[in-house]
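Quick notes on the structure that follows.
The values are calculated or read from the model by the stated rules, or taken from the named source; none is laboratory data. Predicted model, so just to flag it, every value in this text is computed and none were measured. All Cβ positions, glycine included, derive from the backbone under ideal geometry; neighbour counts span all protein chains shown. Surface accessibility is based on the protein's heavy atoms, side chains included, excluding ligands, DNA and RNA. Shrake-Rupley method; radii C 1.70, N 1.55, O 1.52, S 1.80 Å.
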Amino acid sequence: MVMIPATRVLVVGCGSIGKRHARLLAEAPQVEVLVCDAREENLQAALAEAPGSRGFASYEEALAAEPDAVFVCTPNRLHRPMAVAALEAGCHVMCEKPVADTLENAEAIAQAAAAADTMLQVGYSLRSHAGLRRLRELVEAGACGNIVGGRAMVGTYFTLMCATTPYRMEEENALIVDYTHLLDYLALLIGPVVRVSAESATLGDLPMMPRPNVFSAILTHETGAISQCHADYVQLPQRSMAEVFGDEHVLSYDFQDYELRIYEREKPGYTVERVVSARDDIYRVQIADFLEAIHGDRVPICSAQEGVAALRAALAAVKSAREHRSVELAEV
């Protein structure tokens, strides 16, 4: 286990996710927390949630306080200028997902990380979920045999009900951008995605209806395996699951019930492992991994290249849905 020395961490962008990071960083031994937000109400809320933290309304002034690391939790369009400024200042960076709003900006962040002697981690928090980690452990141990495909699904009108900002209602394809983590973990479990065929629609009769509010895609992986990805802002109560199919076992994890089901080809029924991961615990693991990585010369749990790949797959899906054809990721 890596010993964590005193570390000064700046959280920029104090919306719901930024406040959560600030609060949980304040729990960590040896971590001094700085918070930054141009909106006074957000800044004061973050300071209240992270006792002992210092606040800044100016990002330039916050960077001048010489943090060791920066958590970029601002709107996607601000990721590039803020992440690049932090990297060029010699800070390690944890950038919330998706890594940027455009592929050009994502690649610029990745290039800045490569040029700096610092680390960039992309905030795909489900990689820190105990259930998904157990699923990945079984996959990497060969439990599935030859993997032929998988499925990632989330249905969550609840997200709209709890939203503190209106961007999902205002930005087209916010659904696909919100749930790039489905594309990320399918690639993590099954292998890189090379082709996407997607459809999206705005359906139903609900008080809140982003455009689109239903999205489904078929992904072709480098291995030849074929997976399915579905997300919607319709289902209530919320549902979410991840599955991997092989010629020996099928693995299925339900994020709501915390149940991992293991189906064996030659046996009836299935066995169940209960793998619980509370939301705060997911982020605690993510923070611990990040701190251990920057102090222990380890690779990040999600690298800049993996973050760019997830965004590329999402943009390919948007292009496919718009043009009603399969899109190679190399086209994007």
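Can you work out the accessible area per residue across region 36-83, with the rest of the protein chains kept in place, probe 1.4 Å, in square angstrom?
Here the residues of region 36-83 average 51 Å² of exposed surface.
I'd like to compare 256-263, 283-290, 121-128: which one has the highest average count of other Cβ atoms within 10 Å, and what's the full order after that?
So the order, starting with the most tightly packed, is 121-128, 283-290, 256-263.
Using modelled amide H (1.01 Å from N, peptide plane; none on Pro or chain starts), what sits under 5 Å from the amide H of Gly149, excluding residues fewer than 5 places away?
Ile226, Phe245
Leaving out ligands, DNA and RNA, what percent of the accessible area of the chain is carbon and sulfur, probe 1.4 Å?
The computed percentage sits at 51.
Taking the Cβ of Val122 as the centre, find all other residues whose Cβ is under 11 Å away and add up their charges (Lys, Arg: +1; Asp, Glu: -1).
The answer is -1.
Based on the Kirkwood radius over alpha-carbon pairs, what value in µm²/s does the Stokes-Einstein equation return for the translational diffusion coefficient of the chain at 37 °C and 0.692 mPa s?
The calculation lands on 160 µm²/s.
Where Lys and Arg each count +1 and Asp and Glu each count -1, what net charge lies around Glu273 among other residues with Cβ under 13 Å from its Cβ?
0
Answer rounded, prolate or oblate for region 165-315, using the Cα gyration tensor with square roots of eigenvalues a ≥ b ≥ c: rounded when a/c is under 1.5, else prolate when a/b is larger than b/c, else oblate.
rounded
Quick one: which residues, 5+ away or cross-chain, put their amide H under 5 Å from the amide H of Val70? H built at 1.01 Å from N.
When sequence neighbours closer than 5 places are left aside, the close amide H contacts are Leu10, His92, Val93, Met94.
Based on the mean of other beta carbon atoms within 10 Å per residue, what is the order of 24-36, 104-116, most packed first?
Answer by packing, highest mean first, reads 24-36, 104-116.
Can you give the accessible area per residue of region 138-296, in Å², using a 1.4 Å probe?
Computed with neighbouring chains in place, this is 47 Å² per residue.
What value in Å³ per residue do you get for the convex hull of the alpha-carbon atoms in region 126-213?
Value for region 126-213: 124 Å³ per residue.
If I fit a long axis through the Cα atoms of helix 40-49 and take the longest principal axis of the Cα atoms of the chain, what angle between them do I get, 0 to 90°, rounded to 10?
80 degrees
Suppose we keep just the alpha-carbon trace of region 54-211; what are its Rg and Dmax in angstrom?
18.3, 54
Taking only Cα atoms, what is the 0 to 90° angle, nearest 10, from helix 103-115's long axis to the longest principal axis of the chain?
Approximately 60 degrees, to the nearest ten.
Specify the angular offset, from 0 to 90 degrees and rounded to the nearest 10, of the alpha carbon long axis of helix 79-88 from the longest principal axis of the alpha carbons in the chain.
Around 60 degrees separate the two axes.
Rank by packing, highest mean first: peptides 302-314, 202-214, with packing defined as the count of other Cβ atoms within 10 Å averaged across residues.
302-314, 202-214
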